[in-house]
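Student: The structure is given below, and queries will be raised subsequently.
Please treat every number below as a calculation from the coordinates, not as lab data. Every value quoted in this text rests on a predicted model; they were computed, and no experiment measured them. Note that we place each Cβ from the backbone using ideal geometry, even for glycine, and neighbour counts take in every protein chain shown.
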Amino acid sequence: MLLRHFLSLRDLSPEELKRIIERASELKSMRRRGDRHRPLIGKTLAMIFEKSSTRTRVSFEAGMAQLGGNALFLSPRDTQLGRGEPIEDTARVISRMVDAVMIRTFAHATLERFAAHSCVPVINGLSDDVHPCQLLADLQTYREHRGDIRGRTVAWIGDGNNMCHSWINAAALLDFKLKIACPPGYEPDQRFVDAAAEHVEILRDPHEAARGADLVTTDVWASMGQEEEQAKRSAAFSSYRVDSKLMSEAAPDALFMHCLPAHRGEEVTADVIDGPQSVVWDEAENRLHAQKALLEFLLNASA
Ligand code: CP
Ligand code: NVA
């Protein structure tokens with residue numbers, strides 16, 4: 001069987017991405033019905049977290065248990081990684097003992113180095129570059145609420161960060177338009193923009209980006225690892241808050257998404273994130289279903 005990794009959405013073809021999203025909704029219905037579905041009995045997922053997590057950890061751990069397998073939580077603090085064992089050696093060793101590895105880390109190159117020395121699938125649970133597991137859940141959520149995203153317009157408001165990069169990748173794969181509003185100096189990495197050029201527009205004015213959009217989405221102003229830039233970033237992003245005025249520029253049935261955790265009163269106001277257009281709790285729940293579909297796909301276990 002061909003070894004597949006999931007370091008970026010770009011590791012999937014558009015057809016594979018659509019199939020995983022559809023399967024995620026099927027697995028959700030199966031769980032709601034109480035069906036027993038255990039294709040991963042005897043399988044183990046190792047999870048290496050170099051950054052904090054609530055959703056990613058719980059969804060992978062619960063997902064593996066529901067599919068009949070196990071998940072191991074590993075942090076650099078309690079493993080030899082924290083004492084300097086090379087990532088390549090760690091990859092060789094861990095991948096001989098488990099069936100898949102999920103990593104949340106800083107530099108994307110760490111994931112690539114691990115994957116290059118792993119004999120089992122490696123999943124990106126967030127890097128400084130991208131957060132593809134979140135996009136699986138977000139795309140599933142859009143489809144469940146509004147149908148096909150092809151030809152629609154998504155507005156990204158705020159930092160050109162890992163989530164923004166994953167939305168750019170999604171726009172290219174599923175053929176929708178992404179309008180990004182960000183302050184100068186906080187644009188997404190040009191590599192991502194260039195690879196999706198005809199799907200992406202970069203603007204300064206958040207109102208222009210939101211105008212007529214089918215979905216408005218944002219993320220924190222300071223990501224994990226940027227804590228010391230918080231004050232500088234708060235000043236730079238102060239006019240990039242998603243509030244009810246900004247939402248009123250979007251299509252009347254526009255959805256609001258946020259990967260969470262959110263800071264009410266910073267990147268989004270409480271009335272928006274807790275309001276009727278917000279689907280953030282569905283997004284969070286769908287992490288579970290979407291990653292179960294991903295695990296089935298990577299471990300060739302959907303039968
Ligand atoms: N959205 C997301 O990845 O959340 P966690 O950081 O809690 O895993
Ligand atoms: N951009 C955020 C996403 C958290 C899920 C971060 O990297 O911290």
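Student: Figure the gain on full extension for E227 and E208 (residue separation times 0.36 nm, minus the Cα-Cα span) and round it to one decimal in nm.
Tutor: Result: 3.9 nm gained on full extension.
Student: Continuing with the same structure: From the square roots a ≥ b ≥ c of the eigenvalues of the alpha-carbon gyration tensor of region 152-303, which class results: rounded (a/c under 1.5), prolate (a/b over b/c), or oblate?
Tutor: Rounded is the answer for region 152-303, as its axis ratio a/c remains below 1.5.
Student: Among A251, A222, A301, pick out the residue whose Cα is farthest towards the positive end of the charge dipole of the chain, where Lys and Arg carry +1 and Asp and Glu carry -1 on C-beta, about the Cα centre.
Tutor: A301
Student: Quick one: net charge around R104, please, counting Lys, Arg +1 and Asp, Glu -1 for every other residue with C-beta under 9 Å from its C-beta.
Tutor: My count for the surroundings of R104 gives +1.
Student: While we're looking at this one, here's another question. What base-10 log of the normalised intensity I(q)/I(0) is obtained for the chain from the Debye formula, alpha carbons as equal point scatterers, at q = 0.11, 0.13, 0.14 Å⁻¹?
Tutor: -0.64, -0.90, -1.04
Student: Restricting to lysines 8 or more places apart or on different chains, can you count the pairs in the chain with Cα atoms under 19 Å from each other?
Tutor: 6
Student: For region 1-78, rounded, prolate or oblate, judged on the Cα gyration tensor with a ≥ b ≥ c (square roots of eigenvalues), a/c < 1.5 rounded, else prolate if a/b > b/c?
Tutor: Taking the square roots of the gyration eigenvalues as a ≥ b ≥ c, region 1-78 is oblate.
Student: A further question follows. Would region 107-238 count as rounded, prolate or oblate if I go by the C-alpha gyration tensor, calling it rounded below 1.5 in a/c and otherwise prolate when a/b exceeds b/c, oblate otherwise?
Tutor: Note, shape of region 107-238 comes out oblate.
Student: Related question: Could you grab the Rg to Rh ratio for region 40-174? Cα atoms only, Kirkwood for Rh.
Tutor: 1.01
Student: Still on this structure, please answer the following. Using 1/(1 + (r/R0)^6) with R0 = 30 angstrom and r between the beta carbons of R92 and D243, what's the FRET efficiency to the nearest 0.05?
Tutor: Computed FRET efficiency for R92 and D243: 0.05.
Student: A further question on this structure: With only Lys, Arg, Asp and Glu charged, each at its Cβ (+1 for the first two, -1 for the last two), find how big the charge dipole of region 168-285 is about the Cα centre; round to the nearest 20 debye.
Tutor: For region 168-285, the charge dipole is close to 320 debye.
Student: Which three extents, in whole angstrom, do the alpha-carbon atoms of region 219-272 cover along their principal axes, largest first?
Tutor: 38, 20, 15
Student: Express in nm, to one decimal, how much length is gained between D253 and R36 on full extension, taking 0.36 nm for each residue of separation and deducting their alpha carbon distance.
Tutor: Separation in residues times 0.36 nm, less the Cα-Cα distance, equals 74.5 nm.
Student: Determine the sum of side-chain charges near W281: Lys and Arg each +1, Asp and Glu each -1, restricted to other residues whose C-beta is under 15 angstrom from that of W281.
Tutor: That sum, taken over residues with Cβ under 15 Å, equals -2.
Student: Taking 0.36 nm per residue of separation and subtracting the Cα-Cα distance, what length does fully extending A65 through S52 add?
Tutor: 2.6 nm
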